[in-house]
Amino acid sequence: MKHRLRRRNHRHEPADINITAFMNLMVILVPFLLITAVFSRITILELNLPAAGNSSEHQEQQFELEIIVRESSVEIGDRNGGLIKRVAATEQGHNLNEISELLQQIKARFPEKLNATLLLEENISYDTLVQVMDSIRVARVVQAGSVQLAELFPEIAIGDAPASNVRVASNKGQ
């Protein structure tokens, strides 16, 4: 009988947990994950909706920069004064250098101006949106042999582009 009691007693004895292998894994895994982790930088831009048109005639007409991005071109103009220039897109995409040069000329004429309205057609890709916004916000200027970033129009309002005035000829005779 004593023999049975010993066996029962032996069964209920707490077992030691061997965590050596787990600790070895953690010692190797944690530095490996820290070294290979990709540290990402998130940039947030504060965007605004385009301002509603003022119907007051007593206010002085101010320059309101408006950039309309279409699949075939980028139209840069004054909301009150009309189109300044249309920059046609090439097979490689929109000509961002020409857009940046034109915006630098506009900034030289209106140095106190900080805001711009960006209007996009429905099918414009996100990548195109980001590239055009970067061209509107800052320009890369070479000074004393190094490339500097010059601020252009950092306050950007985004909206939908109006319908295009360009009409495509239809082939009714064929």
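Bear in mind these aren't lab numbers, they're just calculated from the coordinates by the rules spelled out. Since this is a predicted model, take the numbers as computed values, not measurements. We place every Cβ from the backbone using ideal geometry, glycine too, and count neighbours over all the protein chains shown.
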Ranked from fewest to most other Cβ atoms within 10 Å of their own Cβ, Ile84, Ile19 fall in the order Ile19, Ile84
Lys and Arg at +1, Asp and Glu at -1: add these up for the other residues within a Cβ distance under 10 Å of Glu64 and post the number. 0
Pulled fully out, how much extra length does the chain show between Gln105 and Val27, if you take 0.36 nm times their separation in residues and subtract their Cα-Cα distance? 22.2 nm
Determine the sum of side-chain charges near Glu151: Lys and Arg each +1, Asp and Glu each -1, restricted to other residues whose C-beta is under 9 angstrom from that of Glu151. +2
For the peptides 25-34, 64-73, 105-114, what is the packing order when you average, over each peptide's residues, the other Cβ atoms within 10 Å and list the highest mean first? 64-73, 105-114, 25-34
Residue span Glu151 to Glu71: 0.36 nm per residue of separation minus Cα-Cα distance leaves a gain in nm of 26.2 nm
